[in-house]
Structures are given as C-alpha cells and as structure tokens.
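Bear in mind these aren't lab numbers, they're just calculated from the coordinates by the rules spelled out. The shown structure was predicted, so the numbers you read here are calculated from the model rather than taken from an experiment. All Cβ positions, even for glycine, are placed from backbone atoms using ideal geometry, and neighbour counts span all protein chains on display.
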Amino acid sequence: MTELALSGLNRLASSLPRLRSAWGAIVLVLAAIAVLDPGNMAWTIDFTVKALLSTLPYIIVAVLMIAALKATSAEHTIARVFEGREYRMIIMAALIGGLAPFCSCEVIPFVAGLIAAGAPLSAIMAFWLSSPLIDPPTLFITAGALGWNFAIAKAIFAVGIGLFGGFITAFMTRGGMLKSPAKPGSVADNCSCGPGIGSDKPVWKFWQEGGRISIFREQFLYNALFLLKWLTLAYLLEALLIHYVPAKLIGGLVGGEGVQPIVISALLGAPAYLNSYVAPPLVAGLMEQGMSAGAGMAFMIAGAVSCIPAVVGIYSLVRIPVLATYFLLGLIGSILSGLLFILII
C-alpha cells in the first residue's frame, strides 16, 4: 500500500511541470468541470471554441506581424531612437515602445543595453513603460475581445503613460534623484527571452534569404502555438467567470461610476499579472459581469507592467528606487487611463 501511495505521489510530482503550463492548466480546468459540474462541460467548450473562432482573423494577423518583424530584424532599429536631445528621445521612445512586440520580460535586454550605453533614464523609462502595454499583435487581440474603441484607447494610453513616465523621470533626475540607476556590475542581459540591441539594418525583403525565411517560419509556428494555447486558456477562464462568478459580486466591487472602482481594479490588476494576450478575454468576461469600462482599462494596464519574471530580472539589474519608480508610474498611469477612458466613451 505504501509503495502504491509513493508511486502515485511520484507521478503527481512529475506531472506538476506540465500542469503549470497553459495546456496543463486547460486540461486541469476541463477535468475539474467534468468531475464537479459535468452538465456545464458542453456549454464551456462551445463558448471557448466560438470565442477562439471569432478571434481567429486577429490571431493570424498578429502572428504574421510578429514573424515578419523577427525575420526582417526590424527590432534592431529601436537603438537609433535613443540618440539626440533628451525630450526628443522620450517622445520617440514612448512611440516606438507602443510598436515593438515585446512584453515586460522581453524588454529587459533593451533596458540593460541602453543603461550600459549611457542612454538617459528618462527615455529608457518611457520605452520601458509603453512597450509591455501595447504592440500591433496585442492591438488586434484586444480589438477582437473588447472592440476597436477599447483597443485604440489602450494604445493611446500606452504611449501617454510612456510620455508621462519619461517626463516625470526627467524631472526627477534633474532634481538629483535616481542617480546611477544600475546596480554595480549588473548591466547585462539578465533575461534571455528577448533580442538584444544591435546595429543590424532591417532586411525588408526577408523572403530572398533562406535563413530569414526559416526565422519567419519558426516564429510563425511558435507564436501561433503560443497564442492558441494562451487564448484557449483565457476564453476557458472567461467562461468560468461568466458561469460561476455572481455578477453582483463583481459589480459591487469594481462596478459603477467614480474613482473607487478604478483604483480598486488597478490595485487588483497589479499583482494579478496576465500577459497582454490573455488579459483582453478575461477583462471582457469581467465587464460582462459588471466591471465598468474604466475599471477594465485600469485593471489591464496595471497588470501589464507587473510581470513576476520581469521583476526578478530587472531587480538584479537596477537599483530599488528605479524599480519602485517604474511600478508607481505604471500604477498611477493605469488609474489615470481608467478615469480618462470613462470620460471619452
């Protein structure tokens, strides 16, 4: 009996890494429904599949854009933004941050390289804040889940938060704060999930080179699978929210008008990090249950700047005051975005 118990524990332990993946979570959720509420299984699967099919055109566009950017090496042009006058750099960094397809983790190698190159912290902060919030693929995914008004507003707010953070940081550094942002001996590539800064020129006709065609194909397949698994999980969780979470509960917490629901949503969104591909369907589900549009915007933006792996990587790179400034600017920016959103819709 003891041997059987140990064998079962060993199998469970060996399966934990798989369960921590998106596919493992999907299997776990479906298994739980099958055991605890089998009558809801058909509706849950139907909801998830229909939501995926409705988002499929946006997924295809997003995957093609990512693959093309990687195959052309277009991301290397970002380094040129950080040249010239400081205010010009802040503006360009915020704009380019909204176009670069990097999450809060993938942006760390750029932050490391820019600090090592001596770029102004204000421009780095502008890029660092705006980049995880929006990019062309995320724009399409958000539009598919929440509509173009929400997606375009989020893109505008992303650039706005970058500008806001960049100019505030410039004011702080001129006042003698945030000196020597990097930890001694730590300015290096602490996160291997993103490309480094280089001077390579983009090759727009990438299909003329066999190696770049291979990169395009690999990136297309990788990101197609990535989006498929995370959006499947996102829509599955949205179905659970709609079916099991009482609308009165969400409406009472983050529904209604005013500042309070937006502030609460931002504070809840920061620790509840979800990548930019998973967040839109979940926010759509929360809004169906009573979350206000402004609260949904604040929740999504606050969550995008608080990736736990990124925190670990950036903590080993910059001093604590710089990291705290980043999070505070992101939180304030998310609250302001939520307030502005309810004024313009």
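For Val318, the amide hydrogen comes within under 5 Å of the amide hydrogens of Lys183, counting only partners 5 or more places away or on other chains and with H modelled in the peptide plane.
Derived scalar couplings between HN and Hα for the range 161-168 equal 5, x, 5, 4, x, x, 6, 5 Hz in order, rounded to whole Hz, by the Karplus curve 6.51 cos²θ - 1.76 cosθ + 1.60 (θ = phi - 60°), x for Gly and Pro. As a rough footprinting exposure proxy, the listed residues Lys229, Lys205, Lys50 were ranked by other beta carbons within 10 Å of their own, and the order from fewest upward is Lys205, Lys50, Lys229.
Footprinting exposure proxy ranking of Met297, Met92, fewest other C-beta atoms within 10 angstrom first, gives Met92, Met297.
Each of Glu83 and Ala324 was given a label point 7 Å from its Cα along the Cα-to-Cβ line. The distance between the two points is 3.7 nm.
Per-residue Cβ neighbour counts within 10 Å put Met172, Met287 in the sequence Met172, Met287, beginning with the fewest.
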